[in-house]
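What follows is a set of notes on a single structure, which appears directly below.
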Amino acid sequence: MTPPTLEELGTGECPPAKRDRPPSPKGTETPQDNVASTISKESKRPRAETDAEEREIQRQKRNAEAKAWRAEQTRRRNLRPEERLEERGVTLRAEIQNSSNMTTFLEISRSKRAQCRAKEDCFYFRNNAECGKFIWSDARICVEIPEYEEIGWGSKQYYHVQCFSCMISPEDLIPDKFTLEGSWGLMVRKWYQHKGCVDLDNIAAYIGRYKTYDKKAADWDEKYADWSLHHRRHCKDESDPATCGCPPAPNAPDKPVLQDYTTGQKKVELWEVMLHDDVWEMCDIQEGDQIVMPETEAPDQVDGKPQEDGGRK
Ligand SMILES: [Zn+2]
Ligand SMILES: [Zn+2]
Ligand SMILES: [Zn+2]
């Protein structure tokens with residue numbers, strides 16, 4: 001809004017129409033009211049003096065702003081990188097939550113060319129990692145800003161999982177503003193489903209049991225095929241394997257069950273999950289338009305509202 005000129009406001013008393021108006025309640029005063037009351041008080045003074053004073057006020061205001069800006073720069077420089085990232089995170093988080101279409105997701109890094117947006121505060125860069133600010137990790141976090149596409153900027157900004165986690169806890173953005181893109185191992189999927197409240201040691205132990213089972217199941221497959229072939233050769237098709245005289249069919253191994261791995265309150269960070277040796281074990285598999293999870297979970301483990309699609313878009 002352009003402030004009114006002195007001519008528009010008049011130089012003497014307020015016009016009667018304005019005076020008769022009931023006083024505006026606090027908080028609804030327009031800037032014009034403020035300007036009008038200030039100017040009507042000072043308007044008795046010579047114009048030149050007012051202009052000089054006004055210029056001085058403006059100059060002091062600019063100096064104060066420059067000083068505040070320099071102080072802010074110094075303050076930020078003196079912060080630890082983690083603190084700076086945390087501050088940026090507060091702003092970014094508000095942007096994401098207030099935007100209708102801005103979103104974030106975890107994805108498999110498709111190249112090593114993406115640079116981390118944490119820039120000079122990037123964890124890898126600060127620790128002189130070989131990759132510098134580039135993201136060489138298997139997975140990265142992408143912030144998607146569709147508006148940027150329209151103005152010809154890249155709509156995707158990438159972060160190391162560590163760097164992003166210094167800014168925003170990704171689990172706080174689940175389910176609407178943080179999703180899993182693509183196929184993920186059991187640890188990541190369970191971390192997502194329970195918003196970080198999982199016990200990695202428990203899941204790792206389950207993965208161990210599952211691997212043993214998987215070997216046994218392969219053995220069993222082979223033995224069963226042999227047994228079945230033998231039965232078909234020696235006996236008639238319709239004969240009952242229980243009474244035909246063949247040795248009993250080999251028993252299938254028991255599938256291990258995943259249970260008691262949620263923690264209720266205690267959280268594990270996504271970047272910790274990503275560093276676990278077993279992070280890529282037991283990925284979900286896309287079969288046609290179905291997603292197949294290799295794990296078997298105890299029914300009472302599935303909480304009130306399970307993420308049926310594992311949080312996928
Ligand atoms: Zn980084
Ligand atoms: Zn038989
Ligand atoms: Zn036989």
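Of (1) touching a Leu at 6+ places or on another chain (Cβ under 9 Å); (2) open to solvent by 30 Å² or more (accessible area, probe 1.4 Å); (3) over 25 Å from I96 (Cβ atoms), Y261 satisfies all except one. Which?
Condition not satisfied by Y261: (2).
Look through W184, W136 and report the one residue that is part of a loop (DSSP other than H, G, I, E, B), open to solvent by less than 40 Å² (accessible area, probe 1.4 Å) and of a type in the set (F, W, Y).
Result of the check over W184, W136: W184.
Results for (1) free of Cβ contacts under 8 Å to residues at least 12 places away in the same chain; (2) within 30 Å of M282 (Cβ to Cβ); (3) within 15 Å of ligand 3 (Cβ to nearest atom), shown as yes or no for each residue.
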| residue | (1), (2), (3) |
| --- | --- |
| K216 | no, yes, no |
| K223 | no, yes, yes |
| D240 | yes, no, yes |
| A249 | no, yes, yes |
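Would you check if there is a residue in the range 185-206 being of a type in the set (F, W, Y) and assigned by TED's automatic domain parsing to the domain that holds P253?
Yes - at least one qualifying residue is present in the range 185-206.
One line per residue, one yes/no per condition, for (1) over 30 Å from V188 (Cα atoms); (2) within 16 Å of ligand 1 (Cβ to nearest atom); (3) in a helix (DSSP H, G or I); (4) in contact with a strand residue (DSSP E or B) (Cβ under 9 Å, 6 or more places away or on another chain):
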| residue | (1), (2), (3), (4) |
| --- | --- |
| Y210 | no, no, yes, yes |
| W227 | yes, no, yes, no |
| H230 | yes, no, yes, no |
| R233 | yes, no, yes, no |
| E238 | yes, no, no, no |
| P241 | yes, no, no, no |
| C244 | yes, no, no, no |
| K255 | no, no, no, no |
| K267 | no, no, no, yes |
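Condition check: modelled with pLDDT of 95 or more, within 16 Å of ligand 1 (Cβ to nearest atom) and either assigned to a strand (DSSP E or B) or open to solvent by less than 10 Å² (accessible area, probe 1.4 Å) (or both). Does F105 satisfy that?
Taking the combined requirement at face value, the residue does not satisfy it.
The values are calculated or read from the model by the stated rules, or taken from the named source; none is laboratory data. These numbers were taken from a predicted model, which means no experiment stands behind them. Because the Cβ atoms are built from the backbone with ideal geometry, glycine has one as well, and the counts that use them run over all protein chains shown. Calculation scope for accessible area: heavy atoms of the full protein, side chains included, ligands and nucleic acids excluded. Shrake-Rupley method; radii C 1.70, N 1.55, O 1.52, S 1.80 Å.
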